[in-house]
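Since the structure comes first, as structure tokens, the remarks are kept for the end.
The values are calculated or read from the model by the stated rules, or taken from the named source; none is laboratory data. These figures come from a predicted structure and were not determined experimentally. Cβ placement follows ideal geometry from the backbone for every residue including glycine, while neighbour counts extend to all protein chains displayed.
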Amino acid sequence: MSVVPVVFMGTADFAVTALDALIQDEHYEVLLVVTQPDRPAGRKMQLKASPVKELALKHDLEVFTPESINTPESIEKLRTCNAEIGVVVAYGQILKQEVIDSFHRGCVNIHGSLLPRWRGAAPIQRALMEGDAESGVSLQKIDLALDAGNLIGVRKVELSDDVDAVVLYDRLKHLGADLIRVDLMDYIRGNLSSEQQDASKVTIAKKLKKEDAEIDWSLSAREIFNRYRGMKIWPGSLTYRDGKMLKIHKMLISDKKGEAGQVIAVDKKSFTVACGEASLEILEIQPQNKPKMEVSAYLTGTDLKVGDKLG
């Protein structure tokens, strides 16, 4: 098989790198790009195309934007493409079996975790929040059960303390593109087989909620720090001082000790808050209704002192 005809289904920025890998690889031909319809965005709530649609139009690819991919009309559209395989990355809709069966080899998906760990909506965030030593991306065959398909390939990345959700998101989308260039092609050519996931190792990555952002100072400094890393994109990390919200944009673990939630040190560039175990040095914050700033700037306009309570 010289050129593999594919249909790509994706919407979010995470999917753009994968689509670009298909476009740039001479072994693939993208017959159709399926993405979510334009949605209102920005302060003026004007209709905006998805990042995937923008890239597809830039390369003069046919774009299909159904409200539902599972209608008879949508399924017929896919079938008429006569594509070898469907590639799905951060699309935003769950596929029915009829959609999967529209392609000779079914559909594959890039998922942002080392499956079967962290199946579900927030795999990148949950790996960091739980303090995992490593994460990665998985190329899986799509099954009707969520993220339960056979694995074709994985790419791993170590999760050091300087890796937060922003950094990991960027690394994984590029590793996902590599899975498409190498492992997917090997699978299609018959040089690579798929393997069942180990059901005994399944964990679920629940969707994040806005309320998850509030810091519980009774947790250990390590637990709070890991949650901060995982929620860096959204919803962030916040606490309260005198009833007003204080978002925290940069923190480091400290070995100082004190009463949980209490400010135990203040210097020119930072302040330190005690946790259930150890403490956190706060370096960058955003007071309520104000822009993000370094703590040094914040301290020039406030009387924060040792003994003050947060939360």
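No other residue among Glu76, Glu67 is assigned to a loop (DSSP other than H, G, I, E, B), out of contact with any helix residue (DSSP H, G or I) (no Cβ under 7 Å at 6 or more places or on another chain) and either crowded, with 20+ Cβ neighbours inside 10 Å or in the same structural domain as Val108 (by TED's automatic domain parsing) (or both) apart from Glu67. Scan region 229-243 and give yes if some residue there is among the polar types (S, T, N, Q), in contact with a Gly (Cβ under 7 Å, 6 or more places away or on another chain) and within 23 Å of Asp162 (Cβ to Cβ), otherwise no. Yes, the conditions are met somewhere in region 229-243.
Working carefully through the options Val52, Val33, find the one that is in a strand (DSSP E or B), modelled with pLDDT of 95 or more and either within 19 Å of Asp13 (Cβ to Cβ) or within 21 Å of the chain's Cα centre (by Cα) (or both). Spell out the reasoning first.
On the way: Val52 fails: in a strand (DSSP E or B).
So the residue among Val52, Val33 that is in a strand (DSSP E or B), modelled with pLDDT of 95 or more and either within 19 Å of Asp13 (Cβ to Cβ) or within 21 Å of the chain's Cα centre (by Cα) (or both) is Val33.
Filter region 121-140 for residues that are in a strand (DSSP E or B), of a type outside the set (S, T, N, Q) and touching a Gly at 6+ places or on another chain (Cβ under 6 Å) and give the result.
Applying the first criterion (in a strand (DSSP E or B)) to region 121-140 yields 134-140.
Next, from what is left, pick out any that are of a type outside the set (S, T, N, Q): 134, 136-137, 139.
Those that are in a strand (DSSP E or B), of a type outside the set (S, T, N, Q) and touching a Gly at 6+ places or on another chain (Cβ under 6 Å): Val137, Leu139.
For region 141-168, what are the residues that are surrounded by fewer than 13 Cβ atoms within 10 Å (Cβ to Cβ), free of Cβ contacts under 8 Å to residues at least 40 places away in the same chain and either in contact with a strand residue (DSSP E or B) (Cβ under 6 Å, 6 or more places away or on another chain) or part of a strand (DSSP E or B) (or both)? Glu158 - this is the single residue of region 141-168 that is surrounded by fewer than 13 Cβ atoms within 10 Å (Cβ to Cβ), free of Cβ contacts under 8 Å to residues at least 40 places away in the same chain and either in contact with a strand residue (DSSP E or B) (Cβ under 6 Å, 6 or more places away or on another chain) or part of a strand (DSSP E or B) (or both). Does region 240-257 contain at least one residue that is of a type in the set (Phe, Trp, Tyr), surrounded by 19 or more Cβ atoms within 10 Å (Cβ to Cβ) and touching a residue at least 12 places away in the same chain (Cβ under 8 Å)? No, region 240-257 contains no residue that is of a type in the set (Phe, Trp, Tyr), surrounded by 19 or more Cβ atoms within 10 Å (Cβ to Cβ) and touching a residue at least 12 places away in the same chain (Cβ under 8 Å). Annotation: of all residues in region 94-140 being of a type in the set (A, V, I, L, M, F, W, C) and closer than 19 Å to Glu223 by Cβ, the one that is surrounded by the fewest Cβ atoms within 10 Å (Cβ to Cβ) is Ala133. Filtering region 274-286 for residues that are over 21 Å from the mean Cα position of the chain (by Cα), closer than 23 Å to Val166 by Cβ and hydroxyl-bearing (Ser, Thr, Tyr) leaves an empty set.
Scan region 95-119 for residues that are touching a residue at least 12 places away in the same chain (Cβ under 8 Å) and under 17 Å from Pro72 (Cβ atoms) and report the count.
Qualifying residue count, region 95-119: 8.
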